[in-house]
Amino acid sequence: MCLNLMGHLCLRSYQHSVPISITWQDDSGDDDEAATPADKSELHHTLKNLSLKLDDLSTCNDLIAKHGAALQRSLNELDGLKIPSESGEKLKAVNERATLFRITSNAMINACRDFLELAEIHSRKWQRALQYEQEQRVHLEETIEQLAKQHNSLERAFRGAPGRPANPSKSFSEGSLLTPKGEDSEEDEDTEYFDAMEDSTSFITVITEAKEDRKAEGSSGTSSVDWSSTDNVLDGASLVPKSSSKVKRRVRIPNKPNYSLNLWSIMKNCIGRELSRIPMPVNFNEPLSMLQRLTEDLEYHHLLDKAVHCTSSVEQMCLVAAFSVSSYSTTVHRIAKPFNPMLGETFELDRLDDMGLRSLCEQVSHHPPSAAHYVFSKHGWSLWQEITISSKFRGKYISIMPLGAIHLEFQASGNHYVWRKSTSTVHNIIVGKLWIDQSGDIEIVNHKTNDRCQLKFLPYSYFSKEPARKVTGVVSDSQGKAHYVLSGSWDEQMECSKVVHSSPSSPSSDGKQKTVYQTLSAKLLWKKYPLPENAENMYYFSELALTLNEHEEGVAPTDSRLRPDQRLMEKGRWDEANTEKQRLEEKQRLSRRRRLEACVPGSSCSSEEAEKEADTYTPLWFEKRLDPLTGEMACVYKGGYWEAKEKQDWHMCPNIF
């Protein structure tokens, strides 16, 4: 009977046992750190089963004590019977073993009793600590939300204060986080910078007449430049040649559905976390992937086509700088999140006929998310980059830091330019209208001539005298002599002014000194294209962006145009898109688990090595190489894609969709 009962208890214990595994889901399809409601339900179920196991253990203790005592009594009764001496010796040995069993059982019972008492005591402590933490978190959320509302009220009150000019059309909110070269700084992450008492620019520009220029050359104690060289290329830089393409491309997509969703209800659990690891419904996306957004940088490729014909490297630098700024012009209204590409996802832009270029992107890493990009232009230049997106939610705003170097090379001259992107900040996450700002410094270096361009993206501030979204810059040669001053805004246009004379200004009251540049009249380098009609209902896409997700024959099976959840979202079927997005993420998690199982602990690799191996991906069209100019490892195009497309041989492509 005892054995039957013990067997029943063990079977019951086995049936109630479940592994304590909490599944985390994210936008990218890998494990993460935020529990879903299903995870919390599973955790509650697990704790309930553990409680049942403790009850079973207590029952087993009682049974061992009860049946152990019965066994001892039975042996004592046998000892009192008259039995042969040989059997008596065996009975004595059995009695000794039973005594040892009873002593051991009593020790186990006492240990189990102590364990149960300790577990109950600590369980109550843990419950109290957990309850306290939950109450503190709720209190913190309420405090943050209340502070955000007060901040919004103060903003409105400040705008309506006497003596304050009417709201400028380009002004939104307070200054954004400013970090150099677009890189995140942990010690500065909660600091916001305001240029309240001084101008943000480090120089002063004075426009001079052409007749005065030659007089300036003869001035002593100052530096001047040879302004007599022709710059006909810059004269026509802003003129855009009409497309000669015979391919008719789409000019609209279905209107964005009007779905309401509370962003704060999702983001409040994600403060301080990596944005790519936050589970997001498609409601916060736009129907383009990050690879397609990266390709949008080529919208003003004609600036580089013009730069090919520059005979002066500093003039060419002006056009390269304008091109680098133009890549931000599409972001001013684009506060929606692009789709995180699946690992191995690609995107091609085959526009040799109308744009004169071919572009290829591939998602080469998932954590952190990283994309490699290569562009070849038949006009005589090539561009390549590997961009890793680092993004953090700070409670009131989101900081997006693109890390990695951008390379641009002109084949005829051999001029090789390298620069990095600035920091993007999305404001008013909690309350108010979402808006985006760019901030930070960008240095563009020509590694052949050592010419440099220092660009400064001024963060918006209530107290600054500068216009919103302003960009300033100076183009200098290898000797540090300024040749051009750049000015404009990253959402509208950029101009350049030739420097004919430079001198230091008089020290200000705080002892600071600025450089004064005398320049010729400004020439327009770049001007933003107007948005298509009805753009506000089409995610504020530009003409190029509207064509990026258009279906094309012959692309690789990993191309972003074939991603089903993104296609469903574009068609306005968001509920179906969310379901499909979950399927794709689960498929990607399964692929990672299979890679992990391929190198299990106990074999030649440790658990850490196995995890690292599971996150390692070998790109199809790019390969890691040491960048001799930056000293960093980066993915560069190794060839083969366009040949595979010509043959329509995609057997090597993974099935990611």
Exercise for the section: Starting from the Cα of THR630, step 7 Å toward the Cβ, then list every residue of the stretch 412-449 with an amide N under 17 Å from that point. Expected result: 416-424, 441-448
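What does the convex hull of the alpha-carbon atoms of the stretch 409-559 project to on average, in nm²? Show your work: numbers first, answer last.
Working: hull surface 60.5 nm².
Over every viewing direction, the Cα hull of the stretch 409-559 projects on average to 15.1 nm².
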Completion exercise
For the stretch 280-373, the percent of all C-alpha pairs falling in each 5 Å bin, from 0 up to the bin holding the max distance, is 3, 12, 18, 18, 20, 14, 8, 5, 1, 1, 0
Practice task
Filter the cross-link list LYS571/LYS638; LYS53/LYS90; LYS465/LYS527; LYS149/LYS337; LYS470/LYS624; LYS306/LYS456 down to pairs whose alpha-carbon distance in this structure exceeds 32 Å.
Solution key: LYS571/LYS638; LYS53/LYS90; LYS470/LYS624
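Which whole-number value in Å² is the accessible area per residue of the stretch 278-375, probe 1.4 Å?
Working: 1920 Å² over 98 residues.
Heavy-atom accessible area per residue stands at 20 Å².
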Exercise for the section: Express in Å², to the nearest 10, the accessible area of TYR132 obtained by rolling a 1.4 Å probe over the protein heavy atoms while all chains stay in place. Expected result: 120 Å²
Exercise for the section: Might you work out the accessible area of HIS309 for me, using a 1.4 Å probe with all protein chains in place, and round it to the nearest 10 Å²? Expected result: 130 Å²
Fill in the blank from the handout: Taking only the alpha carbons of the stretch 337-466, the radius of gyration and the largest Cα-Cα distance, Dmax, both in angstrom, are 17.6, 52
Handout entry: Two-site label geometry, ASN255 and LEU596: point separation in nm, points 7 Å out along Cα→Cβ
Key = 4.6 nm
Exercise for the section: Convert each backbone phi in the stretch 348-361 into a coupling constant with the Karplus relation 6.51 cos²θ - 1.76 cosθ + 1.60 (shift: θ = phi - 60°), then list the ³J(HN,Hα) values in order as whole Hz, x for Gly and Pro. Expected result: 10, 10, 9, 10, 4, 6, 9, 9, x, 8, 10, 10, 9, 10
Exercise for the section: For ASP350 and ALA70, calculate 0.36 nm times their separation in residues minus their Cα-Cα distance, and state this gained length in nm to one decimal. Expected result: 92.1 nm
Completion exercise
Reported to the nearest 10 Å², SER461 has, with a 1.4 Å probe, an accessible area equal to 10 Å²
Practice task
Scan around ASP627 for amide H atoms under 5 Å from its own, H built in the peptide plane at 1.01 Å from N, and keep only partners 5 or more places away or cross-chain.
Solution key: GLU632, MET633, ALA634
Fill in the blank from the handout: Bounding extents of the stretch 333-413 in its principal axis frame from Cα atoms, largest first in Å, are 48, 27, 26
Completion exercise
Here the stretch 424-431 yields Karplus 3J(HN,Hα) values (6.51, -1.76, 1.60; θ = phi - 60°; whole Hz; Gly and Pro given as x) of 9, 10, 9, 9, 6, 5, 7, 9
Exercise for the section: Starting from the Cα-Cα distance between VAL138 and THR104, subtract it from 0.36 nm times their residue separation and give me the gain in nm to one decimal. Expected result: 7.2 nm
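The values are calculated or read from the model by the stated rules, or taken from the named source; none is laboratory data. The structure displayed is predicted, hence computed values, not measured ones. So basically every Cβ, Gly included, is an ideal-geometry build from the backbone, and we count neighbours across all protein chains shown. Remember, those area values only see protein heavy atoms, side chains included, never the ligands or the DNA or RNA. Shrake-Rupley method; radii C 1.70, N 1.55, O 1.52, S 1.80 Å.
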